[in-house]
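Readers should treat all values here as calculations from the given coordinates under stated rules, not as data from a laboratory. Keep in mind that this is a model prediction, so the values were computed, not measured. Glycine gets a Cβ as well: all are built from the backbone with ideal geometry, and neighbour counts include every protein chain shown.
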Amino acid sequence: MKLLLIGYGKMGKTIEGIALKRGHSIVGRIDNREELLKFNSSADTAIEFSQPDAVVDNLNFCFDKKIPVACGTTGWLEKRKEIESLCLQKGGAFFYASNYSLGVNIFFRLNEFLAKLMNGQAGYEVSIDETHHTQKKDAPSGTAITLAEGVIKNYRSKKEWALNETSKPEAFVIKAFRIDPAPGTHVVKYQSAVDDIEIKHTAHSREGFALGAVLVAEWLAGKTGVYSMDDFLKF
């Protein structure tokens, strides 16, 4: 597979190493808009891990070039519906996940199951803690937002989340911590006066995220349409 890397920071380099080990070739390593516009080779799939302010232009480039693209950049999701519509209009292929780790996606399902179990259990207050390295610019993480959406979908007493604090009874808090070194830790807590219930996922390195991205890129090659981890994992 010929792979285009859009975003060549630490994650891009980790993805490159795994892709090469799996026998793929890297046809482009893009780190800014100028480099992207100069890219004129063919690619079977692109993997996009860049910056929030660059995502829309990067994805549009891939749609125009008919390159299926798997995106893992967070912090831009207010434009997601617009991007999905553009993808379909242009006959492209777009895959978005807030986290490509297979373990994290199992954790997402566990979170939803726990939220369902907690319905009707009086006295518990839910919250989410997320910890990442200091170079991560957006807060809360995309993974934490996905966890929060899973709570809201399944836990009837909560309708929204807030960053760090809230006084609304229908809202719950996501606390974001930035500490080095920390590839990513997420904890969902249900706390009461008598006990606490917690589920936790801790990433030990970027390799789990990178392997998932490469596996998705392999799966996405040759497709058109809009996809998510539910399509890939077939939960």
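Place the peptides 15-27, 98-110 in order of packing, highest mean first, counting for every residue the other Cβ atoms within 10 Å and averaging per peptide.
Answer by packing, highest mean first, reads 98-110, 15-27.
Grab the Cα-Cα distance for Ser157 and Arg80, subtract it from 0.36 nm times how many residues apart they are, and report the gain in nm with one decimal. Display every interim value, and only then the final one.
Working: separation 77, 0.36 × 77 = 27.72 nm, distance 2.68 nm.
Contour length minus the Cα-Cα distance gives 25.0 nm.
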Positive minus negative residues near Gln191 (Lys, Arg vs Asp, Glu; Cβ under 10 Å): -3
Lysine pairs meeting the criterion (Cα under 24 Å, 8 or more apart or interchain), as found in the range 102-202: 28
Global geometry of the range 33-110, whether rounded, prolate or oblate, following the gyration tensor of its Cα atoms and the 1.5 cut on a/c: prolate
Antiparallel %, DSSP beta bridges [both residues in the range 102-202], to 5: 60 percent
GNM result for the chain, Cα springs below 10 Å: residue of Ala193, Ala176, Ala144 fluctuating most strongly: Ala193
Cβ-Cβ FRET estimate between Ile26 and Lys116, R0 fixed at 45 Å, reported to 0.05: 0.60
Residue among Pro140, Pro183, Pro68 with the largest mean-square fluctuation in a Gaussian network model of the chain, springs linking Cα atoms under 10 Å: Pro183
Separation of alpha-carbon centers, the range 57-93 and the range 103-181, rounded to whole Å: 26 Å
Reachable lysines from Lys65, criterion Cα separation under 22 angstrom, eight or more residues apart if same chain: Lys2, Lys38, Lys79, Lys81, Lys90, Lys223
The range 1-54: Rg to Rh, with Rh as the Kirkwood radius over Cα pairs: 0.95
Computed lengthening from Lys66 to Ser41, 0.36 nm per intervening residue step minus Cα-Cα distance: 7.8 nm
DSSP bridge orientation in the range 143-235 - percent antiparallel, rounded to nearest 5: 65 percent
Helix 80-90 axis, angle to the chain major axis (alpha carbon atoms, nearest 10°): 30 degrees
Helix 10-21 axis, angle to the chain major axis (alpha carbon atoms, nearest 10°): 60 degrees
The range 102-202: radius of gyration and largest Cα-Cα distance (Dmax), Å: 13.1, 40
Fewest-first ranking of Trp219, Trp76, using other Cβ atoms within 10 Å as the exposure measure: Trp219, Trp76
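Give me Lys234, Lys38 sorted ascending by neighbouring Cβ count inside 10 Å, so fewest comes first. Intermediate results must be reported in sequence, preceding the final value.
Details: Lys234 6, Lys38 9.
If I rank by nearby Cβ atoms, fewest first, I get Lys234, Lys38.
Packing-wise, with mean Cβ within 10 Å as the measure, how do 194-201, 39-46 rank, highest first? Intermediate results must be reported in sequence, preceding the final value.
Numbers: 194-201: 12.2, 39-46: 17.6.
Packing proxy ranking, top to bottom: 39-46, 194-201.
Averaging over every viewing direction, what projected area does the convex hull of the Cα atoms of the chain cover, in nm²? Don't jump to the answer; show the numbers that get you there.
Working: hull surface 51.7 nm².
Computing the convex hull of the Cα atoms and averaging its projections yields 12.9 nm².
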Relative contact order of the chain, defined on C-alpha pairs under 8 angstrom at six or more residues apart (%): 23 percent
In degrees, nearest ten, helix 207-220 long axis to first principal axis of the chain (Cα): 60 degrees
Considering only the chain, percent of DSSP beta bridges that pair antiparallel, nearest 5: 35 percent
